[in-house]
Amino acid sequence: MKYYITAGEASGDLHASNLMKALKNFDNYAEFRFIGGDLMKEQGGTLVRHFKDTAYMGFLDVFMHLPAILKNIKFVKKDILDYKPDVIILVDYPGFNLRIAEFAHNAGLKVYYYISPKIWAWKQSRVHKIKAFVDKMFIIFPFEKDFYKKYDYEVEYVGNPILDAIDTEKKDIYGFKKKYNLNDKKIIALLPGSRKREIQHNFPVMLKVAEQFPDYQFVVAAAPSLEKEIFFKYIKDKDVKLIYNNTYEILKYSEAALVTSGTATLETAVLNIPELVCYKGDNLSYHIAKHLVKVDYISLVNLVMHNEIIKEFIQYDMTVKNITEELKLIIEDNVYRNTMLLNFAKLREILGGKGASDRTAEIIVKSINNEQLIKNDE
């Protein structure tokens with residue numbers, strides 16, 4: 001079968017690549033054409049747009065790049081029609097993907113959505129577009145089922161793909177440190193985001209926090225979509241190590257982590273690394289989002305647990321003082337630290353076991369095959 005897949009950021013690239021790998025196990029004739037990244041490219045097929053050229057975040061960033069975004073949407077629509085896929089698989093990234101869903105549905109194509117947009121947090125009205133244009137939605141959080149049930153929309157809960165993507169075994173910290181020329185000090189990971197504007201707003205504060213902990217070494221988990229020059233202007237005179245394409249290994253061997261919001265908060269918890277969330281955006285986007293967001297937390301850890309398991313320092317609360325005090329608690333107060341780790345264990349139980357990619361792939365292949373059989377019988 002022919003699959004057209006669209007993923008708009010690093011996490012989408014990761015989970016889409018694992019889904020592609022699983023699809024090949026269930027479909028020996030799988031062909032792929034996709035918007036995505038390097039991990040998807042490794043699975044074969046044709047990469048027609050890299051997500052690093054299309055990833056925009058925040059109202060201001062989107063507004064500034066609106067002509068480029070619209071041009072890209074127009075290109076993808078034409079590309080889909082030329083390719084004539086058996087199914088469109090959209091991966092998260094709702095601002096772009098819901099437009100593609102509407103177009104593909106109206107063109108008579110089958111539309112599946114893997115990893116629901118976080119419409120339970122904001123823009124809940126998008127559920128009506130999903131009901132109208134998405135043939136099958138695959139969700140990765142248990143509570144999402146109840147959300148969609150309120151709108152009389154049946155979804156497939158497949159488990160969380162993060163559990164497929166992460167190897168939690170700590171194999172060789174000495175080899176890891178030697179490989180990246182790290183010293184004997186304990187590591188604290190910095191995850192400042194995967195977009196330029198996130199780095200601009202978050203990274204300088206993180207670096208000032210690092211100066212307060214001379215007995216630790218700080219390692220930046222750099223997103224592959226960001227050029228080194230973006231970081232170098234901040235770290236040229238700092239004692240901070242920059243490592244690309246190895247976020248999980250960095251986290252695995254860290255004592256703690258400073259993480260921007262998003263999938264990374266959940267990944268850090270699955271790896272059992274104590275963390276805090278620190279996130280700052282442009283003021284306009286922040287104030288607009290504050291009035292639109294309908295959840296109490298921005299980290300997936302706290303959202304899944306329905307409680308503040310990890311501290312969140314957002315916008316004006318993201319200060320060197322606040323983060324320093326919380327980080328000291330995490331690394332020095334054993335009771336505080338162990339309570340967080342016990343909550344992480346409960347979180348992993350809620351997320352369930354591995355196999356989300358395989359379950360999703362099996363449902364997709366069987367569903368499309370069954371529909372094609374029905375059409376042939378007619």
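The table below gives the values:
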| read-out | value |
| --- | --- |
| Top-ranked residue in region 6-65 [being assigned to a helix (DSSP H, G or I), modelled with pLDDT under 95 and of a type in the set (Phe, Trp, Tyr); ranked as farthest from SER357 (Cα to Cα)] | PHE63 |
| Qualifying residue in region 130-137 (condition: assigned by TED's automatic domain parsing to the domain that holds GLU31, modelled with pLDDT under 95 and either among the basic types (Lys, Arg) or in contact with a helix residue (DSSP H, G or I) (Cβ under 7 Å, 6 or more places away or on another chain) (or both)) | no |
| Residue tally, condition on the phi < 0 side of the Ramachandran plot, modelled with pLDDT under 90 and not β-branched (Val, Ile, Thr), over region 70-95 | 5 |
| Out of PHE176, PHE141, PHE133, sole residue that is surrounded by 13 or more Cβ atoms within 10 Å (Cβ to Cβ) and in contact with a Ser or Thr (Cβ under 9 Å, 6 or more places away or on another chain) | PHE141 |
| Some residue of region 128-146 being assigned to a strand (DSSP E or B), over 19 Å from the mean Cα position of the chain (by Cα) and either touching a residue at least 12 places away in the same chain (Cβ under 8 Å) or at positive phi (or both) | yes |
| Number of positions in region 87-112 that are within 13 Å of ALA16 (Cβ to Cβ), aromatic (Phe, Trp, Tyr) and over 15 Å from the mean Cα position of the chain (by Cα) | 1 |
| Residue check for VAL320: within 30 Å of ASP167 (Cβ to Cβ), out of contact with any Pro (no Cβ under 8 Å at 6 or more places or on another chain) and modelled with pLDDT of 95 or more | no |
| Residues being without any contact (Cβ under 8 Å) to a residue 40 or more places away in the chain and in contact with a His (Cβ under 7 Å, 6 or more places away or on another chain) - total across region 147-170 | 0 |
| Lone unmet requirement of (1) aliphatic (A, V, I, L, M); (2) crowded, with 16+ Cβ neighbours inside 10 Å; (3) at pLDDT 95 or above for LEU341 | (2) |
| Where a residue in region 303-322 is closer than 24 Å to PHE147 by Cα and of a type in the set (Ser, Thr, Tyr) and its partner, wherever it lies, is part of a helix (DSSP H, G or I) and modelled with pLDDT of 95 or more, with Cβ under 8 Å and at least six apart | none |
| Failed condition for ILE250, given (1) under 19 Å from the mean Cα position of the chain (by Cα); (2) at pLDDT below 95 | (2) |
| Where ASP164 falls short, out of the listed (1) assigned to a helix (DSSP H, G or I); (2) on the phi > 0 side of the Ramachandran plot | (2) |
| Residue within region 323-334 that is in a loop (DSSP other than H, G, I, E, B) and either surrounded by 13 or more Cβ atoms within 10 Å (Cβ to Cβ) or under 24 Å from the mean Cα position of the chain (by Cα) (or both) present | no |
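Table: residues versus (1) closer than 30 Å to LYS346 by Cβ; (2) free of Cβ contacts under 8 Å to residues at least 12 places away in the same chain; (3) surrounded by fewer than 17 Cβ atoms within 10 Å (Cβ to Cβ).
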| residue | (1), (2), (3) |
| --- | --- |
| ARG195 | no, no, no |
| ALA210 | no, no, no |
| ASN246 | yes, no, yes |
| GLU275 | yes, no, no |
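The values are calculated or read from the model by the stated rules, or taken from the named source; none is laboratory data. Values in this document were obtained by computation on a predicted structure and should not be read as measured data. Backbone-built Cβ (ideal geometry, glycine too); neighbour counts: all protein chains shown.
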